[in-house]
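Participant: Can you keep this structure in mind? I'll have questions shortly.
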Amino acid sequence: WVELLLRVVVSARTYADFTPQATFDIKKCDLHKLEEGPPVQAVLTREEGLQYYRTMQIMRRMELKADQLYKQKIIRGFCHLYDGQEACAVGIEAGINLTDHLITAYRAHGYTLTRGGTVREIMAELTGRRGGIAKGKGGSMHMYAKNFYGGNGIVGAQVPLGAGVALACKYQGKNELCVCLYGDGAANQGQIFETYNMASLWKLPCIFICENNRYGMGTSVERAAASTDYYKRGDFIPGLRVDGMDILCVREATKFAADHCRSGKGPIIMELQTYRYHGHSMSDPGISYRTREEIQEVRSKSDPISMLKDRMLNNNMASVEELKEIDVEVRKEIEDAAQFATTDPEPPLEDLCNHIFHNEPPLEVRGTNPWVKLKSVS
Amino acid sequence: MDKIRNEQIRGTVKVEQFGDKAREARLRWFGRVLRRNRGYIGQRMLEMELPGRRRRGRPQRRFMDVVKVDMEMVGVKVEEAVDRARWRQMIHCDFQLLQVTVRDALNQAMDEELERDERVFLLGEEVAQYDGAYKVSRGLWKKYGDKRIIDTPISEMGFAGIAVGAAMAGLRPICEFMTFNFSMQAIDQVINSAAKTCYMSAGLQAVPIVFRGPNGASAGVAAQHSQCFAAWYGHCPGLKVVSPWNSEDARGLLKSAIRDDNPVVVLENELMYGVAFEVSEQGLSKDFTIPIGKAKVERPGNHVTLVSHSRMVGHCLDAAAVLAKEGIECEVINLRTIRPLDVETIEASVVKTNHLITVEGGWPQFGVGAEICARIMEGPAFNYLDAPVIRVTGVDIPMPYAKILEDNSTPQIKDIIFSVKKTLNM
């Protein structure tokens with residue numbers, strides 16, 4: 001009952017005790033072909049802070065849970081984890097609206113969450129169950145939600161797709177934009193430069209974001225790119241280089257970029273300097289091309305969740321207990337989702353050939369031998 | 001200045017050529033006169049010689065001179081005037097049958113679909129201000145402007161991806177490849193981003209896109225510009241692949257493709273663009289569509305089935321005409337769609353004729369003909385075959401340049417005739 005007493009004491013401390021909002025200094029962004037950049041100060045309200053904390057924590061725990069399930073062989077195939085990069089996904093979403101559009105590559109679990117997917121759906125998709133966000137048909141790399149176009153397996157292919165979505169935004173005149181993400185590895189793909197050209201020519205409302213986590217699979221940026229200034233690679237497209245571990249920095253830069261696009265000035269590039277704690281995917285231990293010390297250093301000095309937590313605590317915007325409570329809730333939510341993901345049944349075999357086409361009358365599909373005739377409905 | 005052919009104007013308002021209509025009127029009157037009694041003054045006037053001397057110069061053309069020429073043109077004889085109904089039928093000039101080139105058919109189809117649905121737009125190299133590399137999109141940019149007809153830089157992978165992204169976000173793009181040879185640069189976007197997405201997203205994300213352009217051999221363009229991609233695209237689930245032959249096919253299939261909510265590859269043929277075909281009144285209607293996945297029997301026959309797609313259908317019909325003189329009646333099937341393949345129509349034909357020959361312009365290995373052979377073997381029609389299926393295909397080499405070599409690299413009519421006689425053991 002001591003615990004009960006403590007909880008009562010904590011909740012007795014009214015929210016009027018906390019600072020409702022505070023202003024923080026954030027790192028200045030490097031600019032390319034821009035006169036001014038995003039502001040060097042950001043205002044964070046208590047509500048925002050708690051929401052960002054919770055979302056980042058969910059994301060972190062979800063990825064770690066996926067790691068666990070993968071090692072237990074409950075998740076198979078490819079699994080590219082996002083832990084360490086949470087500030088990017090949550091910060092970007094904070095700078096745009098849900099009516100805007102977003103597309104990314106295969107390290108997509110975080111974005112599926114920020115774009116409206118639930119943890120249950122995401123985890124069940126990873127374990128290949130019928131409750132998955134793509135009914136188990138897509139897996140880790142092919143998750144979709146409203147205004148979220150995946151989840152794309154082919155490196156760099158999502159960039160022209162994103163520009164196409166931006167074209168549709170401009171065509172339909174709804175003042176929406178498209179955020180189009182790719183990594184430092186993909187930044188050397190030819191189709192990205194074709195896309196830069198067309199997006200700039202046609203002034204498409206597209207924010208190109210390079211998530212530079214310093215390694216394209218096992219190749220460090222110095223070994224892959226003649227110019228590692230990814231924010232300048234768009235040449236005629238203005239660019240910003242942003243501290244991707246600081247959620248406020250990411251948010252302010254995204255808002256700045258969104259304003260740029262919405263005012264009809266055409267595309268803009270953001271390079272987010274970030275870091276992934278895991279290897280490229282679950283089959284990569286992640287220590288053959290970088291040192292454990294490096295990973296530890298980033299974890300201790302620049303972890304996005306810790307940074308936000310410290311900021312909030314130091315400015316009396318939340319209490320340790322409050323944040324711990326959020327941690328407990330998050331843990332429970334993840335456990336619950338993992339439970340669902342491991343117990344939900346696999347998709348029924350009748351579903352094998354469905355969804356080949358959209359809006360199509362049922363058709364027959366050849367099975368593995370001529371006598372197996374399967375049915376497909378859309 | 002906009003070039004609209006007279007035939008098109010007449011076609012749209014459904015008016016015959018004046019000269020044709022006047023001829024019909026002349027012959028109608030002529031027939032009426034002939035059917036009257038012998039003594040009827042009209043009849044006497046036809047042959048009458050006027051007294052007196054004619055003026056100097058060429059003798060004037062008289063009514064009978066004109067009518068004789070008319071009758072030759074229409075193909076009737078004086079004796080046939082006795083049967084009024086038949087006479088009327090034979091001299092009637094039909095405005096409904098309009099001659100339309102494949103190019104114009106595609107152009108009109110796109111024009112009508114652009115008008116019908118705001119979300120439809122065309123992008124590709126030279127489609128706007130140049131009027132299309134092969135003039136298929138002539139006049140469209142002038143009519144619809146920059147927003148709907150977009151010239152792209154030479155970036156196939158880039159603009160194909162952009163087109164797919166636009167389709168994902170709710171528009172209905174037509175992505176033109178100058179030829180399908182260049183689509184190889186962009187094939188990842190066609191297959192991985194367009195074809196597979198509906199399945200990977202369990203139906204959440206549709207991709208209503210059309211990829212179109214000329215496919216297969218042209219004339220003298222050599223190896224890198226002459227490949228047929230029917231087998232490559234026909235291999236992939238999630239994609240629909242159509243291959244029109246004549247103008248009606250082109251109109252109907254392109255319209256169906258644009259109205260389809262799924263990725264469709266339309267394999268046109270550059271050599272067919274300038275060829276004119278008669279299109280029925282029904283074929284000219286704005287809502288005329290041909291269902292994707294249905295083949296057409298272009299010519300019925302009893303002795304052997306010829307299955308083909310695109311330009312080779314014409315070759316099959318020509319071969320059939322030659323063979324008919326020797327008493328061999330070929331049934332010619334125009335596939336129209338490569339994927340999904342209409343095996344039922346082929347099977348029904350084989351059950352009737354017992355002999356099957358596939359004719360295609362592409363290479364033999366893993367080709368359209370190979371697939372048809374496999375399917376026929378797996379189905380009920382196998383028991384009705386009196387001989388193995390024969391594939392007539394392009395020669396298994398990269399396309400050479402020299403005319404004599406090029407001519408011998410794709411199936412000729414004599415190859416089809418030879419194969420028919422082989423299978424019929426003649």
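Participant: Rolling a 1.4 angstrom probe over the protein chains, ignoring ligands and nucleic acids, what is the accessible area of B:Met73 in square angstrom, nearest 10?
Facilitator: Around 130 Å² of this residue is reachable by solvent.
Participant: Can you give the translational diffusion coefficient of chain A in µm²/s, computed by Stokes-Einstein from the Kirkwood radius over Cα pairs at 4 °C and 1.567 mPa s?
Facilitator: 59
Participant: Compute the distance in nm between two label points, each set 7 Å from the Cα along the Cα-to-Cβ direction, one at A:Thr343 and one at B:Ser285.
Facilitator: 5.9
Participant: Among B:Val313, B:Val279, A:Met245, which residue has its Cα positioned farthest towards the positive end of the charge dipole of the protein assembly as shown, with +1 placed on the Cβ of Lys and Arg, -1 on the Cβ of Asp and Glu, and the dipole taken about the Cα centre?
Facilitator: So the residue we want is B:Val279.
Participant: Please provide three numbers in whole Å: the alpha-carbon extents of chain B along the principal axes, with the largest listed first.
Facilitator: 89, 59, 44
Participant: Given a cut-off of 31 Å, name the pairs among A:Lys174/B:Lys143; A:Lys135/B:Lys286; A:Lys33/B:Lys196; A:Lys301/A:Lys332 whose C-alpha atoms lie farther apart than that in the structure shown.
Facilitator: A:Lys135/B:Lys286; A:Lys33/B:Lys196
Participant: Another question about this same structure. List the lysines whose Cα lies under 26 Å from the Cα of B:Lys422, skipping any in the same chain that are fewer than 8 positions away.
Facilitator: B:Lys296, B:Lys325, B:Lys352, B:Lys414
Participant: Apply the Karplus parameterisation 6.51 cos²θ - 1.76 cosθ + 1.60, with θ equal to phi minus 60°, to every residue of the range A:154-171 and state each ³J(HN,Hα) to the nearest whole Hz, in sequence, with x for glycine and proline.
Facilitator: In residue order, the calculated couplings are 8, 4, x, 5, 6, 6, x, 4, x, 5, x, 5, 5, 4, 5, 4, 5, 4 Hz.
Participant: Moving to a separate point now. Using θ = phi - 60° and the Karplus relation 6.51 cos²θ - 1.76 cosθ + 1.60, list the HN-Hα couplings for the range B:346-355 in order, rounded to whole Hz, with x at every Gly or Pro.
Facilitator: Computed from phi, the couplings for the range B:346-355 are 5, 4, 4, 6, 5, 4, 7, 9, 6, 9 Hz.
Participant: Provide the net charge surrounding A:His355, with neighbours chosen by a C-beta distance below 9 Å and charges set as Lys +1, Arg +1, Asp -1, Glu -1.
Facilitator: Around A:His355, the charge tally is +1.
Participant: Follow-up question, since we're still on this one. What would the Debye formula give as log10 I(q)/I(0) at q = 0.18, 0.23, 0.30 Å⁻¹ for the alpha-carbon point model of the range B:61-114, no solvent?
Facilitator: Scattering profile of the range B:61-114, log10 relative to I(0): -0.70, -0.91, -1.15.
Participant: Restricting attention to the range B:317-410, which trypsin sites (Lys or Arg not before Pro) occupy a DSSP loop and are surrounded by at most 11 other Cβ atoms within 10 Å?
Facilitator: B:Lys325
Participant: Return the whole-Å distance between the Cα centroid of the range B:388-426 and the Cα centroid of the range B:224-303.
Facilitator: Using only Cα atoms to place each centre, the spacing works out to 23 Å.
Participant: Another question about this same structure. With contacts defined as alpha carbon pairs under 8 Å and 6 or more residues apart, what's the relative contact order of chain B in percent?
Facilitator: Numbers: 783 pairs, mean separation 52.5, N = 426.
For chain B, the relative contact order is 12 percent.
Participant: Tell me which of B:Val265, B:Pro237, B:Leu254 sits at the most positive position along the dipole axis of the range B:230-270, charges placed on C-beta atoms (Lys, Arg +1; Asp, Glu -1).
Facilitator: Of the candidates, B:Pro237 comes out farthest on the positive side.
Participant: If you don't mind, there's one more thing I want to ask. If you average the C-alpha positions of the range A:26-104 and of the range B:182-196 separately, how far apart do those two centres end up, in angstrom?
Facilitator: So the separation of the two Cα centres works out to 31 Å.
Participant: Give the average, rounded to an integer, of partner chain Cβ atoms located within 10 angstrom of each Cβ in A:83-92.
Facilitator: Details: counts 0, 0, 0, 0, 0, 0, 0, 0, 0, 0.
What the average comes to for A:83-92 is 0.
Participant: Still on this model: What Kirkwood hydrodynamic radius, in Å, does the range A:131-218 give when the mean of 1/r is taken over all pairs of distinct Cα atoms and then inverted?
Facilitator: Evaluated over the range A:131-218, this radius sits at 13.9 Å.
Participant: Related question: With the cut-off at 1.5 for a/c, could you classify the range B:91-224 from its C-alpha gyration tensor as rounded, prolate or oblate? Provide the component values of the computation, followed by the final result.
Facilitator: Details: a/c = 1.75, a/b = 1.40, b/c = 1.25.
The shape class here is prolate.
Participant: How far apart, in nm, are the 7 Å Cα→Cβ label points at A:Val372 and B:Arg86?
Facilitator: Modelled inter-label distance: 6.3 nm.
Participant: Between chains B and A, what is the buried accessible area summed over both chains (1.4 Å probe, protein heavy atoms, nearest 100 Å²)?
Facilitator: 3500
Participant: Right, next: With heavy atoms of protein chains only and a 1.4 Å probe, what residues of the range B:161-190 have at least 30 Å² less accessible area in the full set of chains than alone?
Facilitator: The answer is B:Ile162, B:Gly165, B:Met168, B:Ala169, B:Leu171, B:Asp188, B:Gln189.
Participant: Just to confirm my numbers, what's the Cα centroid distance between the range A:293-338 and the range B:65-124 in Å?
Facilitator: Each part reduced to its Cα centre gives a spacing of 77 Å.
Participant: Now a separate question. Can you find, among B:Ala381, B:Gly124, B:Gly158, the residue sitting farthest towards the positive end of the charge dipole of the protein assembly as shown, where Lys and Arg contribute +1 and Asp and Glu -1 at Cβ?
Facilitator: Ranked along the dipole, the leading option is B:Ala381.
Participant: Which shape class, rounded, prolate or oblate, goes with the range B:227-377 when its Cα gyration tensor gives a ≥ b ≥ c as root eigenvalues, a/c under 1.5 marks rounded, and past that a/b bigger than b/c marks prolate? If you can, show how the numbers build up before the last one.
Facilitator: Values: a/c = 1.66, a/b = 1.21, b/c = 1.37.
Because a/c hits 1.5 or more and a/b fails to exceed b/c, the range B:227-377 counts as oblate.
Participant: Based on the mean of other beta carbon atoms within 10 Å per residue, what is the order of B:19-30, B:128-139, B:175-186, A:340-351, most packed first?
Facilitator: Working: B:19-30: 16.0, B:128-139: 19.0, B:175-186: 22.8, A:340-351: 14.4.
Descending mean neighbour count gives B:175-186, B:128-139, B:19-30, A:340-351.
Participant: More than 20 Å apart: what percent of Cα pairs in the range A:60-197 qualify?
Facilitator: 46
Participant: Suppose every K and R has +1 on its Cβ and every D and E has -1 on its Cβ; what is the size of the dipole of the protein assembly as shown about the Cα centre, in Debye to the nearest 20? Could you put the intermediate results ahead of the total?
Facilitator: Working: 102 positive and 102 negative charges, 732 e Å.
Roughly 3520 debye for the protein assembly as shown.
Participant: Which three extents, in angstrom, do the Cα atoms of the range A:22-73 have along their principal axes, listed largest first?
Facilitator: Sorted from largest, the Cα extents of the range A:22-73 read 52, 31, 11 Å.
Participant: Another question about this same structure. Can you tell me the equivalent ellipsoid semi-axes for the protein assembly as shown? Use √(5λ) from the Cα gyration tensor, largest first, whole Å.
Facilitator: Working through the eigenvalues yields semi-axes of 67, 30, 23 Å.
Participant: Also, quick follow-up: How big is the accessible area of A:Thr23 in square angstrom, nearest 10, if you roll a 1.4 angstrom probe over the protein chains?
Facilitator: Near enough 80 Å² of accessible area.
Participant: Please report Rg (one decimal) and Dmax (integer) in Å for the Cα set of the range A:227-307.
Facilitator: 15.7, 46
Participant: Have a look at the DSSP beta bridges in the protein assembly as shown and tell me what percent are antiparallel, nearest 5.
Facilitator: Around 30 percent of the beta bridges assigned by DSSP in the protein assembly as shown are antiparallel ones.
Participant: What FRET efficiency, computed as 1/(1 + (r/R0)^6) with R0 = 30 Å and r the Cβ-Cβ distance, is obtained for A:Lys174 and A:Glu47, rounded to the nearest 0.05?
Facilitator: Working: r = 28 Å, r/R0 = 0.93.
Plugging the Cβ-Cβ distance into 1/(1 + (r/R0)^6) gives 0.60.
Participant: Which of the chymotrypsin sites (Phe, Trp or Tyr not before Pro) across the range A:104-175 are loop residues per DSSP, with 11 or fewer other Cβ within 10 Å?
Facilitator: Answer in residue order: no site qualifies.
Participant: List the residues of the range A:149-198 whose accessible area drops by at least 30 Å² when all protein chains are present, compared with their chain alone, using a 1.4 Å probe and counting only protein heavy atoms.
Facilitator: Output list: A:Tyr149, A:Ile154, A:Pro160, A:Leu161, A:Gly164, A:Leu167, A:Ala168, A:Tyr171, A:Gln172, A:Gln191, A:Glu194, A:Met198.
Participant: How are the Cα pair distances of the range B:340-409 distributed, in percent, across 10 Å bins from 0?
Facilitator: 20, 44, 22, 13, 1
Participant: Given R₀ = 41 Å, FRET efficiency for A:Val40-A:Ile74 by Cβ-Cβ distance, to 0.05?
Facilitator: Once rounded, the FRET efficiency stands at 0.35.
Participant: Sticking with this structure for a sec: Going by the alpha-carbon gyration tensor, a ≥ b ≥ c the square roots of its eigenvalues, is the range B:203-248 rounded (a/c under 1.5) or, if a/c is not under 1.5, prolate (a/b greater than b/c) versus oblate?
Facilitator: prolate
Participant: As a test question: what accessible area, to the nearest 10 Å², does A:Ile268 have when a 1.4 Å probe is rolled over all protein chains in place?
Facilitator: For A:Ile268, solvent-accessible area is about 0 Å².
Participant: So, R0 is 30 Å and r is the distance between the beta-carbons of A:Asp30 and A:Ile287; what FRET efficiency does that work out to, to 0.05?
Facilitator: After rounding, the FRET efficiency stands at 0.50.
Participant: Continuing with the same structure: Could you report the range B:135-180's accessible area per residue, 1.4 Å probe, as an integer in Å²? Let's see the in-between values first.
Facilitator: Numbers: 1310 Å² over 46 residues.
Result: 29 Å² of accessible area for each residue.
Participant: Separate question: If you put +1 on each Lys and Arg Cβ and -1 on each Asp and Glu Cβ, how big is the dipole of chain A around its Cα centre, in Debye rounded to 20?
Facilitator: Around 700 debye, computed over chain A.
Participant: Run a plain Debye calculation on the range A:246-378 (Cα atoms as equal point scatterers, no solvent) and give log10 I(q)/I(0) at q = 0.16, 0.22 Å⁻¹, rounded to two decimals, same order as the q list.
Facilitator: Each listed q maps to, in turn, -1.05, -1.24.
Participant: Using modelled amide H (1.01 Å from N, peptide plane; none on Pro or chain starts), what sits under 5 Å from the amide H of A:Glu360, excluding residues fewer than 5 places away?
Facilitator: Counting only residues 5 or more places away or on other chains, the set is A:Ser378.
Participant: Determine which residues of the range B:165-197 fall in the zone a paramagnetic label at A:Thr99 would reach in this model, i.e. backbone nitrogen under 18 Å from the point 7 Å along Cα→Cβ.
Facilitator: Only B:169-171 fall inside the zone, counting backbone N under 18 Å.
Participant: Let me ask you something else. Run the numbers on the range B:277-424 and let me know its relative contact order in percent, using alpha-carbon pairs under 8 Å that are six or more apart.
Facilitator: Reported as a whole number, the value is 24 percent.
Participant: How well do other chains shield peptide B:227-240, expressed as the mean number of their Cβ atoms within 10 Å of each residue Cβ?
Facilitator: 1
Participant: May I pose another question? Can you work out the accessible area per residue across the range A:206-362, with the rest of the protein chains kept in place, probe 1.4 Å, in square angstrom?
Facilitator: Per-residue value: 45 Å².
Participant: Can you tell me the dipole magnitude for chain B around its Cα centre, using point charges on the Cβ only (Lys, Arg +1; Asp, Glu -1), in Debye to the nearest 20?
Facilitator: Values: 56 positive and 54 negative charges, 557 e Å.
So the magnitude is around 2680 debye.
Participant: If you count, for each residue, the other Cβ atoms within 10 Å and average over each peptide, how do B:359-370, A:223-234 line up from highest to lowest?
Facilitator: The most tightly packed comes first, giving B:359-370, A:223-234.
The values are calculated or read from the model by the stated rules, or taken from the named source; none is laboratory data. As the structure is a computational prediction, the values presented were derived from the model and not from experiment. In this analysis, Cβ positions are derived from the backbone assuming ideal geometry, glycine residues included, and neighbour counts consider all displayed protein chains. Just so you know, the surface numbers come from the protein's heavy atoms only, side chains and all, with ligands and any DNA or RNA stripped out. Shrake-Rupley method; radii C 1.70, N 1.55, O 1.52, S 1.80 Å.
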